[in-house]
Amino acid sequence: MFLRDFELSRITPEHLKVSQPVPWSIYDEFGKLLMAKGSILRSDRQKEILTRVGLFANEIEPDPESLLPQPIKFHRKVNPFAEFDELCLKLEEVFKLIESETPNGSVIKKRVYDIATHIQGLVSYDSDALLGAVHLADQFPYHVHHPMQIAVLTELILERLQVEQVVRLSVLAAALTGNLAMNPYQQRLHQQKTPLNDQQREVINRHPLQSMQKLEAAGVDDALWLELVAQHHEKLDGTGYPRNLVGDAIRREARILALADVYTAMVTHRPYRNPIKHKDSLRDIFTQRGSKFDSKLTLVFLNELGVYPPGVYVRLNNGELAVVIGRTPNPRSPLVASIKKTDGEFFLSPRRRNTENEQFAIRSACNVSERIKVNPATLWGIQAIRVNSVNTADLSSIADLI
Ligand SMILES: [Fe+2]
């Protein structure tokens, strides 16, 4: 216990009773101990002296928020893409723990919160690079990659809304584990080229409740985390599942998860369909605001992503192929890294382009066929040139742009 954890207060006569133990240790104004807690007060004279010079240390209740796991702070340069991959591996380990014969709830909770606070730290360290990882990273199976994508987007919104840490941890934990019950089926479903059959539909409809039950059975006792897992596919108009909840019956945090989940599912490549262009996905979500998605949260979500979020491929006015690497205050003019020249040749190393400049302005978002796999760390100039974080965009007018 440190001195800052105490508040010194002056003794008053009502505090002390002769022949009784003193309720706290008593100090003089210089911090010298006059009487230890529990010592018996012997006389009125002693009481009078203590009342005149004594101070007692009133232990301050620790702030519950300060006891919570806090976002990790990076004091050295890190590669956010490598960190993202590392967290995917850690999440895979957590899934194994939950499925183990003797899962330990507190260990699972700690590991999931660790991943959550790491994501928080990375989002605050370089949110553009993390958005890049959401759109570009593809080396992990869908059942690991998808929850990580949801968690990153969710943290961006939670941060924008300044949600308190105690809630944030539960929401991120739900983002990371909400599809748990789908894990055994996910790879097959992800690769399937035919429409879902009735049995598969049933598995999907049940997964929010089943994921919640699995977590409960593994010893997770965070009630908000569990409830959000159960609610993450509910839609405002009651067309969601599994309980067809309507409006206010759906928690705000579950509505955030739904937005992040739907967007990332749409922009992810599936064997049976190409990823939907991010712009079409954003437009889709925008048009369903107020019916399926919470209107205010939808705008916050779209504002955070911008018209061209980091990680998407774009064609510039001069014909160059580029990848967005940073948001700017102008939602139409992000910072990009060009990878292919006008004549179709590759640049030896990516060229930063300011899309506010007419010749480098974005002509269009690219089709999937135009995308070329590039190491994101190279695009972001990590290790060679550190990307200083671009000011978070204030894109209040974004609704007009998509
Ligand atoms: Fe889900």
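The values are calculated or read from the model by the stated rules, or taken from the named source; none is laboratory data. What you are looking at is a predicted structure, and each value in this text was computed from that prediction instead of being measured. Neighbour counts are summed over all protein chains in view; Cβ atoms, including those assigned to glycine, are modelled from backbone coordinates with ideal geometry.
Is it fair to say residue 226 is in the same structural domain as residue 105 (by TED's automatic domain parsing), of a type in the set (A, V, I, L, M, F, W, C) and farther than 17 Å from residue 143 by Cα? The answer is yes for residue 226.
Can you give me the number of residues within segment 232-259 that are over 21 Å from the mean Cα position of the chain (by Cα) and of a type in the set (Gly, Ala, Ser)? Qualifying residue count for the region: 4. If you go through segment 100-113 and keep only what is outside any helix (DSSP H, G or I) and under 16 Å from the mean Cα position of the chain (by Cα), you end up with nothing.
Residues in segment 287-307 that are crowded, with 22+ Cβ neighbours inside 10 Å and either among the basic types (Lys, Arg) or under 14 Å from residue 365 (Cβ atoms) (or both): 3 in all. A Cβ distance below 9 Å, combined with a sequence gap of six or more or placement on separate chains, defines the contacts here; from segment 169-192, residues that are within 10 Å of residue 144 (Cα to Cα) reach residues that are more than 10 Å from the ligand (Cβ to nearest atom) and basic (Lys, Arg) in the pairs 177/214; 180/214.
Residue under question is residue 94, and the condition is that it be farther than 22 Å from residue 186 by Cβ, in a helix (DSSP H, G or I) and in contact with a helix residue (DSSP H, G or I) (Cβ under 9 Å, 6 or more places away or on another chain); does it hold? So residue 94 fails the test. Within segment 353-402, the set of residues being at pLDDT below 85, polar (S, T, N, Q) and closer than 30 Å to residue 159 by Cα comprises 383, 388, 389, 391, 392, 396, 397. You will find that of 217, 181, the residue that is among the hydrophobic types (A, V, I, L, M, F, W, C), surrounded by fewer than 18 Cβ atoms within 10 Å (Cβ to Cβ) and assigned by TED's automatic domain parsing to the domain that holds residue 88 is 217 and no other.
Look at (1) modelled with pLDDT of 85 or more; (2) touching a Phe, Trp or Tyr at 6+ places or on another chain (Cβ under 8 Å) and you find that residue 239 fails only one, number (2). In segment 188-212, the qualifying residues are those that are more than 12 Å from the ligand (Cβ to nearest atom) and surrounded by 13 or more Cβ atoms within 10 Å (Cβ to Cβ), and the one that is modelled with the lowest pLDDT is 190. Beta carbons closer than 9 Å, at least 6 apart along the sequence or on distinct chains, pair a first residue in segment 197-215 that is in contact (Cβ under 8 Å) with a residue 60 or more places away in the chain with a second that is assigned to a helix (DSSP H, G or I) and away from the ligand (no atom under 13 Å from the Cβ) for 214/98; 214/99; 215/98; 215/105; 215/108; 215/173; 215/225; 215/226.
In segment 70-89, the residues that are more than 16 Å from residue 148 (Cα to Cα) reach residues that are charged (D, E, K, R) and assigned to a loop (DSSP other than H, G, I, E, B) with C-beta atoms within less than 8 angstrom, at least six apart or across chains, in these pairs: 77/386.
Determine if segment 223-238 includes at least one residue that is within 20 Å of residue 263 (Cα to Cα), within 16 Å of the ligand (Cβ to nearest atom), among the charged types (D, E, K, R) and in contact (Cβ under 8 Å) with a residue 40 or more places away in the chain. Yes: segment 223-238 contains one or more residues that are within 20 Å of residue 263 (Cα to Cα), within 16 Å of the ligand (Cβ to nearest atom), among the charged types (D, E, K, R) and in contact (Cβ under 8 Å) with a residue 40 or more places away in the chain. One residue alone among 126, 114 is in contact (Cβ under 8 Å) with a residue 40 or more places away in the chain, among the acidic types (Asp, Glu) and surrounded by fewer than 17 Cβ atoms within 10 Å (Cβ to Cβ), and that residue is 114. Taken together, 243, 255, 283 contain a single residue that is among the basic types (Lys, Arg) and in a loop (DSSP other than H, G, I, E, B), which is 243. May I ask you to list the residues in segment 343-369 that are assigned to a helix (DSSP H, G or I) and touching a Lys or Arg at 6+ places or on another chain (Cβ under 7 Å)? 360 - this is the single residue of segment 343-369 that is assigned to a helix (DSSP H, G or I) and touching a Lys or Arg at 6+ places or on another chain (Cβ under 7 Å). Inspection of segment 135-143 finds a residue satisfying the criterion of being surrounded by fewer than 24 Cβ atoms within 10 Å (Cβ to Cβ), at negative phi and within 14 Å of the ligand (Cβ to nearest atom).
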